[in-house]
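Report on one structure; see the data block that follows.
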Amino acid sequence: MSQKRAVFLDRDGTLIEDLHYLRDPAAVRLLPGVAPALRMLNEAGILAVVVTNQSGIARGRLTEAEYQATQRRLEELLAAEGARLDAHYHCPHLPEITGPCDCRKPGPGLYREAARDLDIDLASSWWVGDRLRDVSAARLLGGRGVLLLTGSGREEAPLPEARSWLIVPDLETAVRHVLAA
């Protein structure tokens, strides 16, 4: 059985500007270096999988259709630069509104779903994001995590919990670490 490696990527603050409850596709903006970083993963045969919390859906700040429209715009922007994402998974819940779920990061639900769907070896995969909740599932699932200093990363990096993760300035630097491992 030949399982694949993946990099699980947060969306807002990691791939695109974090505009909080993004609902307008025209407002989607790639962060610098994201397309080249994803191209490197694509060329190396490592899956690039978005896993994102989208509590704005539960809060009524955006609809599922609006979220999907922003995802399509992200795909268009990447395609224009020769890069792609292999899959998207999102949690539309907020425990205070919808009750508990195992798909809200740092929960393992969406990662396990992606592993089943895409034949991913979680232990040889990476978690990359700008918040500790984006990377902490790596510990539970056996992979490695990288905290970015983009988005909310500068606020989270000084926290004591961040000391156990590799901390890098941006996605391109993170991908270089993944490829060197």
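The values are calculated or read from the model by the stated rules, or taken from the named source; none is laboratory data. This structure is a prediction, so every number in the text was calculated from the model and none was measured. Note: ideal-geometry Cβ built from the backbone for every residue, glycine included; neighbour counts use all protein chains shown.
Before moving on, here are some points about what is shown:
- Search result, residues across region 1-15 that are surrounded by fewer than 18 Cβ atoms within 10 Å (Cβ to Cβ) and part of a loop (DSSP other than H, G, I, E, B): M1, S2, Q3
- Among the conditions (1) more than 28 Å from D102 (Cα to Cα); (2) more than 15 Å from the chain's Cα centre (by Cα), L31 misses just one, which is (2).
- For the residues L74, L47, L41, the requirement of being over 24 Å from S136 (Cα atoms) and crowded, with 16+ Cβ neighbours inside 10 Å singles out L74.
- Here S124 clears all of (1) in contact with a helix residue (DSSP H, G or I) (Cβ under 7 Å, 6 or more places away or on another chain); (2) in contact (Cβ under 8 Å) with a residue 40 or more places away in the chain; (3) more than 14 Å from R11 (Cβ to Cβ); (4) not aromatic (F, W, Y) except the condition numbered (1).
- Scanning region 50-70 for residues that are closer than 23 Å to A138 by Cβ and of a type outside the set (S, T, Y) turns up V50, V51, N53, Q54.
Quick grid of which residues meet (1) among the aliphatic types (A, V, I, L, M); (2) modelled with pLDDT of 95 or more; (3) under 23 Å from W127 (Cβ atoms):
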residue: G33; (1), (2), (3): no, yes, yes
residue: A44; (1), (2), (3): yes, yes, yes
residue: A48; (1), (2), (3): yes, yes, yes
residue: G56; (1), (2), (3): no, yes, yes
residue: A65; (1), (2), (3): yes, yes, no
residue: L74; (1), (2), (3): yes, yes, yes
residue: L78; (1), (2), (3): yes, yes, yes
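- Within region 1-29, the set of residues being among the small types (G, A, S) and at pLDDT 95 or above comprises A6, G13, A26, A27.
- Hits in region 16-73 - residues which are in a loop (DSSP other than H, G, I, E, B), in contact with a Phe, Trp or Tyr (Cβ under 8 Å, 6 or more places away or on another chain) and without any contact (Cβ under 8 Å) to a residue 40 or more places away in the chain: Q54
- Which numbered condition V135 fails, given (1) under 17 Å from the mean Cα position of the chain (by Cα); (2) under 25 Å from D24 (Cα atoms): (2)
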